[in-house]
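Trainee: Quick one: structure below, then a few questions.
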Amino acid sequence: MLLISLLMACSGGSAPGPADCPDCPPCEQAGDALSPFEAGLLKDDLADLRKGIRPFNAEGFGVCEGKRTCDRFLGAEAGELPAGSDYIVQAELTVPKLGDGWQVEFAMECETQGKSGNSSTNKDAKTYSVSYSGAERGYSLRPLRTIPSPNSSGARSCTYSLTPLNPDGSRGEPMTGSFSTPMP
């Protein structure tokens with residue numbers, strides 16, 4: 001009976017307030033915290049890492065007229081490529097200075113309409129290792145794919161993407177584009 005009385009007497013109490021608790025000593029800084037000096041030194045590199053792999057400039061990803069070089073940049077969304085010329089999909093990329101193991105995955109899917117009316121779809125993908133190439137130029141992937149126009153199999157409509165693969169296993173935002181070629 002005494003035990004029940006004690007439990008009932010203690011159950012109605014409230015939690016102790018701030019005045020009842022002693023001040024806690026300040027926590028120690030973690031061993032890997034950066035000093036202001038270190039943070040200043042790494043600021044630009046950290047910003048570069050967070051941006052990840054990206055086009056080197058406005059003409060850094062897309063379709064170009066040319067066989068192996070970009071003679072004339074047509075853009076990522078190139079539209080129908082006129083017959084009689086050679087084209088390529090190319091990338092010139094800024095890759096972060098820090099870290100090893102940077103990669104990109106190039107994927108392309110094309111639907112071909114044959115002369116007889118039949119259609120077929122082809123998909124392929126390839127992964128490339130990339131690295132920092134300096135501030136004055138990007139890492140060049142040229143050509144990622146050659147594009148004959150017209151295509152001997154028929155009219156083609158293609159989409160393509162280049163997805164950054166970060167060293168930690170995460171994937172960056174894909175760069176995308178499309179083009180088509182006429183019936184031969």
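The values are calculated or read from the model by the stated rules, or taken from the named source; none is laboratory data. For clarity, every value in this text was computed on a predicted model and none was experimentally measured. Cβ: placed from backbone, ideal geometry, glycine included. Neighbour counts: every protein chain shown.
Trainee: Looking at (1) of a type outside the set (Lys, Arg); (2) over 28 Å from GLY172 (Cα atoms); (3) at pLDDT 90 or above; (4) loosely packed, with under 10 Cβ neighbours inside 10 Å, which is the only condition ALA58 fails?
Mentor: Looking at each condition in turn, ALA58 falls short on (2).
Trainee: Anything in the range 114-132 that is buried (at least 16 other Cβ atoms within 10 Å of the Cβ) and outside any loop (DSSP other than H, G, I, E, B)? List them, or say none. Break it down into steps so the answer makes sense when it comes.
Mentor: If we filter the range 114-132 for residues that are buried (at least 16 other Cβ atoms within 10 Å of the Cβ), which is where we start, we get 128, 130, 132.
Matches in the range 114-132: TYR128 only.
Trainee: Name the pairs whose Cβ atoms lie under 7 Å apart, with the first residue in the range 85-96 and under 10 Å from CYS70 (Cα atoms) and among the hydroxyl-bearing types (Ser, Thr, Tyr), the second modelled with pLDDT of 95 or more and surrounded by 22 or more Cβ atoms within 10 Å (Cβ to Cβ), and 6 or more positions between them or separate chains?
Mentor: TYR87/VAL63; TYR87/CYS64; TYR87/LEU81; TYR87/ILE147
Trainee: Which residues, counting only those in the range 105-157, are in contact (Cβ under 8 Å) with a residue 60 or more places away in the chain, of a type in the set (S, T, N, Q) and out of contact with any Phe, Trp or Tyr (no Cβ under 7 Å at 6 or more places or on another chain)?
Mentor: GLN113, THR146
Trainee: For PRO182, state whether it is within 18 Å of GLY66 (Cβ to Cβ), surrounded by 13 or more Cβ atoms within 10 Å (Cβ to Cβ) and out of contact with any Gly (no Cβ under 6 Å at 6 or more places or on another chain).
Mentor: Working: within 18 Å of GLY66 (Cβ to Cβ): no; surrounded by 13 or more Cβ atoms within 10 Å (Cβ to Cβ): yes; out of contact with any Gly (no Cβ under 6 Å at 6 or more places or on another chain): yes.
Here the answer is no, as PRO182 does not meet what is asked.
Trainee: So in the range 133-177, with the set limited to residues that are part of a loop (DSSP other than H, G, I, E, B) and in contact with a Ser or Thr (Cβ under 6 Å, 6 or more places away or on another chain), which one is surrounded by the most Cβ atoms within 10 Å (Cβ to Cβ)? Full working, then the answer.
Mentor: Just the residues of the range 133-177 that are part of a loop (DSSP other than H, G, I, E, B), to begin with: 133-138, 150-154, 166-170, 172-174.
Filter once more, so that each one left must be in contact with a Ser or Thr (Cβ under 6 Å, 6 or more places away or on another chain): 138, 150-151, 153-154, 174.
Details: GLY138: 22, PRO150: 16, ASN151: 19, SER153: 17, GLY154: 20, PRO174: 13.
So the residue we want is GLY138.
Trainee: Tell me which residues, restricted to the range 78-87, are loosely packed, with under 12 Cβ neighbours inside 10 Å and either under 23 Å from PRO174 (Cα atoms) or of a type in the set (A, V, I, L, M, F, W, C) (or both).
Mentor: Step one: filter the range 78-87 for residues loosely packed, with under 12 Cβ neighbours inside 10 Å, giving 79, 84.
Across the range 78-87, the qualifying residue is only GLY79.
Trainee: Please go through the range 40-88 and give me each residue that is more than 18 Å from the chain's Cα centre (by Cα), among the acidic types (Asp, Glu) and assigned to a loop (DSSP other than H, G, I, E, B), ordered by number.
Mentor: Within the range 40-88, just ASP71 meets the criteria.
Trainee: So which residues in the range 83-115 are among the hydrophobic types (A, V, I, L, M, F, W, C) and within 30 Å of ASP44 (Cα to Cα), if there are any at all?
Mentor: ALA91, LEU93, VAL95, LEU98, TRP102, VAL104, PHE106
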